[in-house]
Amino acid sequence: MYWVIIFLFPTISSTCSISPPTVNLNGTLLEGSDAVPGQEFFGGIPYAETPIGELRFRLPVPKTWVGVKKFDATEFSLSCLQPPPIPSSEDCLTLNVIRPAGISVGDKLLPVLVWVHGGAFVAEGSSLFNASGIVTQSVSRGTPIIFVSFNYRLGPLGFPPGQEAADTGILNLGLRDLMVAFEWVHDNIEAFGGDPRKVTTFGISAGAALIADLYLNPKIENFVRAFSFQSGFPSLAPIINASHGQRNWDNFVQAIPECRSTFANLTLGCLRTVDSGSLVNAITVATGEADDLIPWVPTLDGPGGIIPDLPSKLLNEGHFAHLPFIAGDVLDEGTAFVPSTTNSTQTITDGLTPYFAQTSVADPVLTATFDRMLQLYPDIPALGSPYNTGNETFGLSSQFKRSASLFGDIFFIAQRRALSQIAVTQGIKSFGYSFTDPPPPNEFPVFWGVPHATDANYFFGTLPSLNASVAAIHLAEQMIDYWLSFTTSLDPNDGKGSKRAHWPEYTSQDQVLIQLNSANTTVIPDNFRKTQITFLNSQADVLHH
């Protein structure tokens, strides 16, 4: 079973004026859309060859445009192949550019903000996120930017696990797609008026985890100058070797009738011949059968790979891009991932074990770690998540709040704090936040509190449709100003746009976060649950952080 919070956003209309905007890209004329007043949109631009046939389950091949004189860039492409309901296709390795209207050759180049979508590594796509409001606000505050988004391969097509994938060098294909996309932006964004030396990338949930994985690869410094990690860090899904996901891969292959009899470790040839419909069905079946909450994930790929070792080891060794970043979480990261039926200590450990156990044999070290975690996270409702709700249990077992607190800290809060504290020792500028604004009424179950990824609504213009308060909409404006300021100046405090609280840098002397809340945006110390989170970070090897 897997849980994905999907936010559906209004997409950009493709209606164009009589003379649509154009960009000359290395001899190819891209025709875009100016349907949104004051903006120009260029969508569905291939950055890599379509990964079908012999290119399926292969490293991405950068797109060649030789002989292409004109390209219709008025529409998003479909999202990459995934289970329903989102329409999807394998012809999906495309990106989109939104820029202020009226940019001419010779104008001052604009900073670039690149969005990487989330979706548990198995769902969603760039077309679901309408960034026109971000671009509009960048212009109105006097710091115009160019916005870029793109798709990448998902599920077993993007994150194939198992020994065969390891032996053939095709682990982490989705991450490889990201790297090719960032290289494309670096090489081509100047044609759209963007500055390739001023690229900032941000993501939420799995999107943040993916760019955090790239942060571990110093090569990314060639293409990006700053990051924003929002509820996603390198071990959002524990980083384990490829064999950990062998059962999921076997289930995927077995769900394709024509490949069932293929010998183990010789399945790729068959899989390259089947149609997309068979793949979608197999992805849906195998994902549903998985013991892991998130079965298709980045994995260790060894020396020379994108993730050559555990993220905690790479960070402690200084093996990462030494670039400034924003890093933060929402208040109740774990609530959306914990089954509401959780009612005992045993169900908590049963839920966590598939993430960390290397084999089906009991591991005394893992057992000892779990025992200590359960001591540090007692069954006391007032201490559990959703936080700040006292002894209320919402008609559920008190073990739900206990489990949600533990889950949120393991997969989110502890990793964010570790990253921020390590960056301080390396002299890297960073800014931390905690998003605590309650969601609009009836958007989520009340026992979710302020759940994972709910802050996405504050960036992509959906709050009015959710009947959000005026105060929440104002907070969204302030948040976009913080991020635009960071994109253009590497500091969220440029004094432009909305009036907002000063956001201090995270330093060794002042380990603080800005609390983003429509009723009380203020600075808070990053020391909550100190004993618990310090223990979790001391167990990085056991937890595959």
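Tabulated values for the structure
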quantity: The chain, dipole about Cα centre (Lys/Arg Cβ +1, Asp/Glu Cβ -1), debye to the nearest 20; calculated: 680
quantity: Span-rule helices in the chain, defined as complete DSSP H runs reaching 15 Å or more along the axis (Cα) with Kyte mean at least 0.0; calculated: 173-188, 276-289, 364-376, 414-425, 470-489
quantity: Neighbour-count ranking [beta-carbon atoms within 10 angstrom, fewest first] of 55, 406, 178; calculated: 55, 406, 178
quantity: Sorted by Cβ neighbour density within 10 Å, fewest at the top, the residues 287, 74; calculated: 74, 287
quantity: Cα gyration tensor, region 182-310 - rounded (a/c under 1.5), prolate or oblate; calculated: prolate
quantity: Among 369, 440, 427 - extreme Cα towards positive end, dipole of region 334-543, charges at beta-carbon; calculated: 427
quantity: For region 334-543: relative contact order, % (alpha-carbon pairs under 8 angstrom, 6 or more apart); calculated: 23
quantity: In region 98-163, the trypsin sites (Lys or Arg not before Pro) that fall in loop regions by DSSP, at most 16 other Cβ within 10 Å; calculated: 108
quantity: Residue 513 long-range amide H proximity, modeled H, under 5 Å; calculated: 524, 526
quantity: Cα gyration tensor, region 334-543 - rounded (a/c under 1.5), prolate or oblate; calculated: oblate
quantity: Length gained when the stretch residue 502-residue 429 is fully extended (0.36 nm per residue, less Cα-Cα span); calculated: 24.7 nm
quantity: Antiparallel content of DSSP bridges confined to the chain, in %, to 5; calculated: 35
quantity: Whether the chain is rounded, prolate or oblate, judged on the alpha carbon gyration tensor where a/c under 1.5 counts as rounded; calculated: oblate
quantity: Chymotrypsin sites (Phe, Trp or Tyr not before Pro) lying in DSSP loop within region 296-393, provided at most 13 other Cβ fall within 10 Å; calculated: none
quantity: Above-threshold pairs, the threshold being 25 Å between Cα atoms, out of 108/499; 198/313; 219/313; calculated: 108/499; 198/313
quantity: Per residue convex hull volume, Cα atoms of region 48-195, in Å³; calculated: 127
quantity: Per-bin percent of Cα-Cα distances, region 76-119 [10 Å]; calculated: 20, 38, 24, 16, 2
quantity: Span per principal axis, largest first, for the Cα atoms of region 247-308 (Å); calculated: 35, 26, 19
quantity: Inter-site label distance for residue 316 and residue 22 at 7 Å from Cα along Cβ, in nm; calculated: 5.8
quantity: Distance between region 189-244 and region 409-462 - C-alpha centres, whole angstrom; calculated: 17
quantity: Relative exposure of 455, 292, 409, judged by other C-beta atoms within 10 Å (fewest first); calculated: 292, 455, 409
quantity: Mean-position separation - Cα centroids, region 326-357 and region 23-65, in angstrom; calculated: 39
quantity: Debye intensity ratio I(q)/I(0), log10, region 389-512, q values 0.10 Å⁻¹ (C-alpha model); calculated: -0.42
quantity: Relative contact order computed over the chain (Cα-Cα under 8 Å; 6+ residues apart), in percent; calculated: 14
quantity: Residue-wise HN-Hα coupling along region 495-502, computed from phi with Karplus coefficients 6.51, -1.76, 1.60 (Hz; x: Gly, Pro); calculated: x, 9, x, 5, 6, 8, 5, 5
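Every number in this text was worked out from the coordinates using simple rules, so none of it is lab data. This one's a predicted model, so the numbers in the text were calculated from it and none came from an experiment. Virtual Cβ from ideal backbone geometry, glycine too; neighbours counted across all protein chains shown.
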